[in-house]
1. Give me, ordered by chain and number, the residues 5 or more places off Lys372 or on other chains with an amide H under 5 Å from its own placed amide H.
2. Working out 0.36 nm times the residue gap between Ala383 and Lys144, then minus their Cα-Cα distance, what length gain in nm do you get to one decimal?
3. Show which lysines lie in cross-link reach of Lys440 when reach means a straight Cα distance below 27 angstrom and same-chain residues fewer than eight apart are skipped.
4. Gain in length, Asp20 to Tyr164, computed as 0.36 nm per residue apart minus the alpha-carbon separation, to one decimal in nm?
5. So what's the gap between the Cα centers of segment 76-107 and segment 15-48, to the nearest angstrom?
6. When DSSP assigns beta bridges and you keep just the ones with both residues in the chain, what percent turn out antiparallel, to the nearest 5?
7. Exactly which GluC sites (Glu not before Pro) in segment 189-277 are in a DSSP loop and have at most 12 other Cβ atoms within 10 Å?
8. Hey, can you grab everything whose amide H is under 5 Å from the amide H of Thr273? Only 5+ residues off in sequence or another chain; H modelled, so Pro and N-termini drop out.
Amino acid sequence: METILNALNPAQCEAVEHIDGPMLILAGAGSGKTKTLTSRLAYLVGVVGIDPANTLTLTFTNKAAAEMRERAIKLMPHHVSYPPLLCTFHKFGLLFLKFHIEKLGRSNGFVIIDSDDKKRLLRTIAKEKKVDLNISFVASEISKYKNSLLSPEVVVKKAELPDYKKVASIYVDYQTNIEENNLVDFDDLLVLTHQILSQDEALRRETSKRYQYIMVDEYQDTNELQFQLLQLLCSEHNNLCVVGDDDQSIYGWRGANIRNILEFSDNFEVCKTVKLETNYRSTQPILKAANALIEHNSTRLGKKLVSHKGTGEDVKLLHSLDESMEAKNIASKIQKLLDAGTNPDEIAVLYRINALSRSLEEGFTKSGLSFKLIGGMRFYERAEIKDLISYLRVIANPYDDFSLIRIINKPKRGIGKASIEKLQKAAYDSQVSLYSYIEKMLTLEVENVVSKKITTALEALTQSISLLQETMQNDLGNFITLFDEHIHIKDHYAGMADGMERILNIDEFYGVFRDAAIKNPDLNLETFLNDISLQSDQDQIEEDAITIMSIHASKGLEFEHLFVIGLEEEFFPLLGEGCNMEEERRLGYVAITRAKSDLTLSYVDSRFYKGRRKMIDKSRFLGESGLISDTSLKITKQADFKKGDLVKHKIFGIGRVQAANKSGKEYKLLINFGGNKKEILSSFVQSI
């Protein structure tokens, strides 16, 4: 016991020594949450004497589960004959279904299909139904339905908009197909487990009694389905210990429900809460900025990180004219660190949106800095950017068959694979390029091998290309505007689950083109494409390199020297429809707390926005974190509320905001609670 507890601080000891009843361990960034969780598991098994078979520890990734298992076992006495069950939610679902799926009338010889298999099946169903929808979008929506426990029948009844009615129809056939073929998709591992436990009272009691002590890591990332599953698993004892940080809840966009952690003590009565506020990662100036920023959020449980390291360098601000100068300045600072002997692996640059990586990639390449891009593709390797480059290649050289085939049906023109193959064969037989054959076919010089509908689509495409070729010769400055008007490439991505991100990348590319045309009046399309080829052909270097990544990808990591770029309004925080300012602020908090001792926050005066260079304001987060005293900065103390927002009230339940008016430091809201309209101050409701 002494070996386990001696390595812990008082708050960690308090969490480890709590045995029975629900407990929330509110673990700040860098506060040793994994150490606390693994120590508690070792304490239960090795000191209290709980049978490892009566424990269940759940996390989100196999990597985290393996690391935690190894650390916990090292702390346990040697006489423990078998390890406790420590796995991901989905692995637990798989193990459970292998024993109990027969209760649903299905064989335990089921096969799990991955995301590619799922999309292939959905594509087949959509084709049979003659539904023209983006398959990634369909797959994403079905996943959301399952994680919200919405059956195909319920979704069919609720669907109102045409596209969602089509998705609902596909969902019905998809679910029928996988059940008939005894297939299980990733979401089903939890959905079916929940279904069995909900329907079978005796099995629920038996399972809950078996797992007497349940622990959950990263609880702020759980969704509605995972929460309901945990309620079933601990229904006989309430010995549920969860570890998480409401200030690091940054996955609302993929279904994580922050209310699970905010309302834990309401959902599980007589709850003990332990706050881990000693941070072992960062110096005090870094934590001071993080604490100040996150205090502007109204929906949080509240804690304040204190540095175990103590004082250190102040947080630095880097102000540049534009993104090119920003990349150059950061490259210069990094080079000085490298010259001083800093390991490149201890240096990272973070950004809020992926499109910002483009200027870094170009700037670092010019400066000769080795870098690795984590959690995403390099800018010029992304599918949407490759599509744009293929279009430009066809405009510059229509006889580039490879590029033409890539874009001939993007956005969709009804030109399917079979039609493309017919055109290719006819062109090959005539010994001309594909584009030449299409031109000859449209002027009736050769046989028309496709339908009238496809012929019309090809005619429109060639007319657009001819117009753009003319503009390319005479007015390159206006070229990209006409390109966007005639090609409508954004339509191809708009419906995808990550469509907004892809459109931002397209706008960034448009901005690069416009900027190049302004800087070089003699620029031609071939030169621009050649310059891009030099950028996109750089080797991907993985070892001994500076890390470039999004803030989302950085969660759980730490770096001695950290740069965060794009601290401007509309970039960080991201503004606009669907933006959640509190989640944006939590992203800021996560970014700042990745730094150990050296943090630089960077902002510029102008950046490409929606394809055009725009003067922009520095981020309100610089003011909220106490780093800049500037009365022109927007500082929001309360969560913003607007018409249409869904909110929750402790007495009246869920309602929709019909009007929001500023009232002192908060808002007076007119809310419709299912026909019952009430005027309520914003501090008494919670955003959903």
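1. Ile546, Thr547, Ile548
2. Details: separation 239, 0.36 × 239 = 86.04 nm, distance 2.45 nm.
83.6 nm is the gain from fully extending Ala383 to Lys144.
3. Lys410, Lys412, Lys417, Lys422, Lys425, Lys452, Lys453
4. 47.3 nm
5. Segment 76-107 and segment 15-48 have Cα centres spaced 22 Å from each other.
6. Counting only bridges with both partners in the chain, antiparallel ones make up about 35 percent.
7. Glu269
8. Leu24
The values are calculated or read from the model by the stated rules, or taken from the named source; none is laboratory data. These numbers were taken from a predicted model, which means no experiment stands behind them. All Cβ positions, even for glycine, are placed from backbone atoms using ideal geometry, and neighbour counts span all protein chains on display. Ligands, DNA and RNA are excluded from the accessible area calculation, which covers all protein heavy atoms including side chains. Shrake-Rupley method; radii C 1.70, N 1.55, O 1.52, S 1.80 Å.
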